[in-house]
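Derivation of every value follows stated rules applied to the coordinates shown; laboratory data play no part. Not measured: the values here are computed from a predicted model. Neighbour counts are summed over all protein chains in view; Cβ atoms, including those assigned to glycine, are modelled from backbone coordinates with ideal geometry.
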2 protein chains.
Amino acid sequence: MKIGEASRLSGCHIETIRHYERVGILSPTARSESGYRCYTDHHIQQLRFILHARELGFSLDDIRELLSLKEQSDLSCEAVDSITEKHLHGIHNRIRHLESLAGELRRISASCSGGHIAECRILEALGKH
Amino acid sequence: MKIGEASRLSGCHIETIRHYERVGILSPTARSESGYRCYTDHHIQQLRFILHARELGFSLDDIRELLSLKEQSDLSCEAVDSITEKHLHGIHNRIRHLESLAGELRRISASCSGGHIAECRILEALGKH
DNA sequence: CATAAAGTCTGTAACCGTTACAGAGTCAAG
DNA sequence: CTTGACTCTGTAACGGTTACAGACTTTATG
């Protein structure tokens with residue numbers, strides 16, 4: 001099938017599909033006589049995999065590695081687990097970071113009593129560190 | 001003072017300071033005869049403001065607006081509050097999003113019982129959506 | 001005073017992941 | 001045969017920062 005159908009079936013934008021091929025995430029396809037890319041069901045599977053992993057926040061580097069592990073069916077799951085754990089860990093860190101930001105922002109925001117810029121506690125708080 | 005001292009006093013990297021000027025966040029400086037940028041205390045204040053706001057996750061566009069509001073001391077705080085509230089809202093959204101990602105990841109990860117790639121539930125779960 | 005070292009300048013490109021565009025070529029239906 | 005939909009390649013944009021090359025200036029040391 002051509003890239004348009006691959007896009008519809010996988011849910012990936014056409015430009016994104018070509019991008020994934022360019023950066024070596026998606027296996028290169030055969031080409032028609034006129035140079036059109038020809039996708040197989042396997043490519044669609046890969047694209048769905050990539051899409052879902054991206055939705056879960058995995059980096060393209062992680063995904064490249066997961067896809068490569070996927071091909072080696074006799075290996076142990078260990079490496080897959082490790083990537084997943086590391087990613088989960090990263091997410092928790094980001095959540096903690098954002099929560100501390102939100103805390104400071106709430107504190108700063110609460111100190112503003114709604115007067116004029118000149119006495120604005122928010123701007124004051126942002127200025128000094 | 002020259003850019004090196006401005007960098008030390010503000011905590012911003014030299015390249016970043018020049019970048020902020022280029023994109024119009026930091027007021028342009030006077031120049032010495034040889035073309036060196038000359039920073040004043042006001043610039044240092046601005047840089048500290050930018051740095052702290054960045055640490056709190058404000059976008060450069062937000063910061064540009066906050067800095068511009070800062071100059072108009074007779075205005076009401078309203079616009080400042082609104083930017084801050086919007087940002088806080090965005091942070092909460094991101095936290096919720098990350099928490100739902102973490103939830104799905106934990107669920108997927110727990111389904112893996114540590115065998116071989118061929119039966120790996122993580123890879124399986126990532127593939128279908 | 002000469003030279004070395006440190007600092008600064010500009011312009012450009014890299015990073016990540018994706019999207020958008022221009023300009024050319026190809027394919028199918030009316 | 002023409003129109004429209006599709007695809008190709010190559011390049012650039014987004015945001016925010018950092019890194020580099022090559023040229024220049026200033027400061028410190030001999």
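Of all residue pairs spaced 6 or more apart or on separate chains, those with beta-carbon atoms under 6 Å, a first member in segment A:40-56 that is among the charged types (D, E, K, R) and a second member that is assigned to a helix (DSSP H, G or I) are A:ARG48/A:SER10. Of all residues assigned to segment B:92-111, at least one qualifies as being closer than 30 Å to A:ASP62 by Cα, in contact with a Ser or Thr (Cβ under 9 Å, 6 or more places away or on another chain) and among the hydrophobic types (A, V, I, L, M, F, W, C).
For segment A:82-129, a residue qualifies if it is of a type in the set (Lys, Arg) and at the interface with chain B (Cβ under 9 Å from one of its Cβ atoms), and the qualifying residues are A:ARG94, A:ARG106, A:ARG121, A:LYS128.
Taken over segment A:2-20, the criterion of being buried (at least 17 other Cβ atoms within 10 Å of the Cβ) and in contact with a strand residue (DSSP E or B) (Cβ under 9 Å, 6 or more places away or on another chain) is satisfied by A:ILE3, A:ALA6, A:ILE17. Just to verify a result, which residue in segment A:27-59, among those that are of a type in the set (A, V, I, L, M, F, W, C) and within 14 Å of chain B (Cβ to nearest Cβ), is nearest to the chain's Cα centre (by Cα)? Residue satisfying both the conditions and the ranking: A:PHE58.
Being loosely packed, with under 15 Cβ neighbours inside 10 Å and within 16 Å of DNA strand C (Cβ to nearest atom), is that true of even one residue in segment B:53-60? Yes, some residue in segment B:53-60 is loosely packed, with under 15 Cβ neighbours inside 10 Å and within 16 Å of DNA strand C (Cβ to nearest atom).
Among the residues here, B:TYR36 does not qualify as touching a Cys at 6+ places or on another chain (Cβ under 9 Å) and of a type outside the set (A, V, I, L, M).
On the given criteria, is B:LEU66 closer than 29 Å to B:LEU9 by Cα and within 16 Å of DNA strand C (Cβ to nearest atom)? No, not satisfied. A single member of B:ASP81, B:ASP62 is part of a helix (DSSP H, G or I) and near DNA strand D (Cβ under 8 Å from one of its atoms), and it is B:ASP62.
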